[in-house]
Amino acid sequence: MSYSGKTFPEFKVGDKLVSPSITVTESHITLFAGLSGDFNPLHTNEEFAQKMPFKGRIAHGMLTVSMESGFIGMLLAGTAIAFLEAEYKFKAPVKINDTIHTELEVAETKPVQKYDGGIVKFNMQIKNQRGETVVEGYATVMVSNKRPS
C-alpha cells in the first residue's frame, strides 16, 4: 500500500495549507451527539436553542475541531507518529448549513532523532463561509521523516 502523507522534511516554517470546505449538516450533529454522548439541548433541541443567544442549534465545538483534526490526519496519512497537543479558542458558533474550512500555518519545526522524524506545530484557524474565524488555536504533531514502504 502506498501512503501520501507529508513527511517531516516537507514542512517549512511559514507553509500554509487549506482544507477542502465542508457544510455542517444535521447528520453531522446527530451522529456526533451519538458518538460523544453529548446531547446538550443547545445542539439537539431546536425549541430550546431558539431561546438561547445564538437563536438556534449550533454544532458541538468538538465536532468542529474534529473536522480540523481529520484534515491533519489525512495530511499525515501514513506519516503521523503522534498527535501531541492542541489548544482551541472558540470565537463564534457554527450552525447547521454553515460551510467551514481549516487554514493551517506551520509555526515551528523541531527534529527528533529518537523517532526518526520531528515535531510540527501548526497555527490553525477554522473559518465559515463568510470568512469569519469560528475557532483558532494550534495543534502539535510528531511526523516521520519518511513514508512507509
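Residue by residue, here is whether (1) under 22 Å from Gly118 (Cα atoms); (2) out of contact with any Ser or Thr (no Cβ under 9 Å at 6 or more places or on another chain) holds:
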residue	(1), (2)
Thr7	yes, no
Gly14	yes, yes
Phe39	no, yes
Gly70	yes, no
Leu75	yes, no
Leu84	yes, no
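Would you mind stating whether Met67 is surrounded by 19 or more Cβ atoms within 10 Å (Cβ to Cβ), at pLDDT below 95, aliphatic (A, V, I, L, M) and farther than 17 Å from Gly5 by Cα? Judged against the criteria, Met67 is a match. Scoring Val65 on the criteria (1) farther than 17 Å from Lys127 by Cβ; (2) touching a Phe, Trp or Tyr at 6+ places or on another chain (Cβ under 7 Å) leaves a single failure, condition (1).
Whether a residue is among the small types (Gly, Ala, Ser) and out of contact with any strand residue (DSSP E or B) (no Cβ under 7 Å at 6 or more places or on another chain) was assessed, and Ser144 does not pass this test. Residue by residue through the range 1-30, note down the ones that are farther than 20 Å from Val134 by Cβ, at pLDDT 95 or above and assigned to a loop (DSSP other than H, G, I, E, B). The answer is Gly5, Lys6, Thr7, Phe11, Lys12, Val13, Gly14, Asp15.
Those residues that are surrounded by fewer than 20 Cβ atoms within 10 Å (Cβ to Cβ) and of a type in the set (A, V, I, L, M), I need them from the range 98-118; list them, please. Within the range 98-118, Val106, Ala107, Val112 meet the criteria.
Starting from residues that are of a type in the set (Ser, Thr, Tyr) and touching a Lys or Arg at 6+ places or on another chain (Cβ under 7 Å), keep the ones in the range 1-43 and report whichever is surrounded by the most Cβ atoms within 10 Å (Cβ to Cβ).
Thr7
Taking strands (runs of 3 or more DSSP E) as the structural unit, those lying wholly within the range 31-149 and holding at least 3 residues that are closer than 21 Å to Phe8 by Cα, aliphatic (A, V, I, L, M) and under 17 Å from the mean Cα position of the chain (by Cα) correspond to 80-90, 99-112, 133-144. When the range 16-30 is filtered for residues that are in contact (Cβ under 8 Å) with a residue 60 or more places away in the chain and within 17 Å of the chain's Cα centre (by Cα), the ones remaining, listed by number, are Lys16, Leu17, Val18, Ser19, Pro20, Ser21, Ile22, Thr23, Val24, Thr25, Ile29.
Selection of the range 70-97 for residues being touching a strand residue (DSSP E or B) at 6+ places or on another chain (Cβ under 8 Å), closer than 12 Å to Val143 by Cα, of a type in the set (A, V, I, L, M) and surrounded by fewer than 17 Cβ atoms within 10 Å (Cβ to Cβ) yields Ala82, Leu84.
The values are calculated or read from the model by the stated rules, or taken from the named source; none is laboratory data. The structure presented is a predicted model; accordingly, all values stated were derived computationally and were not measured. Don't worry about glycine lacking a Cβ; one is built from the backbone with ideal geometry, like all the others, and counts go over all protein chains shown.
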